[in-house]
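> Handing you this structure, nothing more for now.
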Amino acid sequence: MKKLVYTIALLWGLQVSQTVQAQNEQVTLHVPNFVRPLVEKWVAEYQKTNTQVDFQFKSGKSQDNEPNSISFVSDGNDGVFFARYAVLPVTTKQSEVAERIGSHRLNAKKLKALFFLKDQEQETSNAQQFHIYTGNSLTSASRFYAAYFGEAHADYKGKKISGDDSFLNVAISRDPLGVTINSLSNLFNLESRQLHEDLALLPLELDKQGREVLEGGRLDEIITLLERQHYNEIPVGKAGLVYDHRNALLSDFVHWVLTHGTQYVHEYGLLQLPTKDLAQNTNKL
């Protein structure tokens, strides 16, 4: 009899659990890999007090008819922005690029000449020999980098790499003349807070403090520098989320992100929004 009662109780408990799971709201997140660890942290923290919401990550752009969907957006006017991200030019320590550049630091004009086709006549003979790799996905930092310098994404030299921007690091690791651009989250080890050991930042024409911080290669010092100082040579873009604002479930999560989730952005290689901008984005809700 006891065994029968136990079996009935177990089956009833499983049925209740399955019913609760079936009633949970499903939210789909479309975010690039450079912010995904941060968003995963948000989900884990949010679910501690919101157990009735389940999240799943999907690649690509959300569909118009997809319910309860949140997507990443860079800059623009449609998003609710939660942080900023910086993009830097990089090669590998074993490459010939740094040796050929030598002591010639790159200003904004030289960066445009290095990466984009129509500025080719401004290049030095050494720079013409570099092999440029850029991202081709809709959320690639390469698209923001081109727009920042007033260039079209189609005007990049070299090869465009499909998939996540982390593949750009792999591409230059196989090419002694490879150069690319990437966000801090993809360039730095988020545990050690150091530049990935096989990478080397290209020298930029900055002030003394900026040069020393970049040469030091410590993530938190670079974040602090770029939150305080603007450099024409270092594009800093906004990271945000787009969703149906009429959806109370999605609005609640995004509101939590702006009021609780922004405390984690430094940990995952992003810059804080200025206080005024964060308040403006909170008011969008």
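Since every read-out is calculated from the coordinates, none of them should be taken as a lab result. Fair warning: this is a prediction, and the values are worked out from it, not measured in the lab. Methodologically, a virtual Cβ is constructed for each residue, glycine included, from the backbone with ideal geometry; neighbour enumeration extends over all protein chains shown.
> For every helix of n ≥ 4 consecutive DSSP H residues, a contribution of -39,500 (n - 2.57) applies; sum these over the chain, divide by its total residues, and give [θ] at 222 nm rounded to the nearest 500 deg cm²/dmol.
Rounded to the nearest 500, it is -11000 deg cm²/dmol.
> Further, regarding this structure: Relative contact order, percent, of the chain when contacts are C-alpha pairs under 8 Å separated by at least 6 residues? Walk me through the intermediate numbers first.
Numbers: 439 pairs, mean separation 77.9, N = 285.
Relative CO of the chain lands at 27 percent.
> Name the residues whose placed amide hydrogens come within less than 5 Å of the amide hydrogen of L106, ignoring near sequence neighbours (fewer than 5 apart) on the same chain.
Answer set, sorted by chain and number: L204, E205.
> Using a Gaussian network model of the chain with C-alpha springs under 10 Å, which one of E212, E40, E221 is most mobile by mean-square fluctuation?
Taking springs between Cα atoms under 10 Å, the residue moving most is E212.
> Follow-up question, since we're still on this one. Rounded, prolate or oblate: pick one for segment 70-220, where a ≥ b ≥ c are the square roots of the eigenvalues of its C-alpha gyration tensor, a/c under 1.5 means rounded, and failing that, prolate if a/b is larger than b/c, else oblate.
rounded
> Fully extended, how many nm does the chain gain between H245 and Q47 (0.36 nm per residue separation, minus their Cα-Cα distance)?
Values: separation 198, 0.36 × 198 = 71.28 nm, distance 2.06 nm.
Gain on extension, H245 to Q47, equals 69.2 nm.
> Let me ask something additional. Gaussian network model of the chain, Cα springs within a sub-10 Å range: biggest mean-square fluctuation belongs to which of L187, L271, L111?
L111
> Filter the chain for me: DSSP H helices, axial length by Cα at least 18 angstrom, mean Kyte-Doolittle hydropathy not below -1.0. List them by residue number.
2-23
> Just to confirm a number: summing +1 for Lys and Arg and -1 for Asp and Glu over residues other than H260 whose beta-carbon lies under 12 angstrom from that of H260, what do you get?
0
> For a Förster distance of 45 Å, can you work out the FRET efficiency between the beta-carbons of T259 and Q209, rounded to the nearest 0.05?
Here the calculated transfer efficiency is 0.85.
> Taking P(r) over Cα pairs in 5 Å bins from 0, in percent as the quantity of interest, determine which of (i) 1, 5, 11, 15, 16, 14, 11, 8, 6, 4, 3, 2, 2, 1, 1, 0, 0, 0; (ii) 1, 5, 8, 9, 9, 7, 6, 4, 4, 4, 4, 5, 5, 4, 4, 3, 3, 2, 2, 2, 2, 2, 2, 1, 1, 0, 0, 0, 0; (iii) 1, 5, 12, 14, 17, 16, 15, 11, 6, 2, 0, 0 was computed from the displayed structure.
Correct label is (i).
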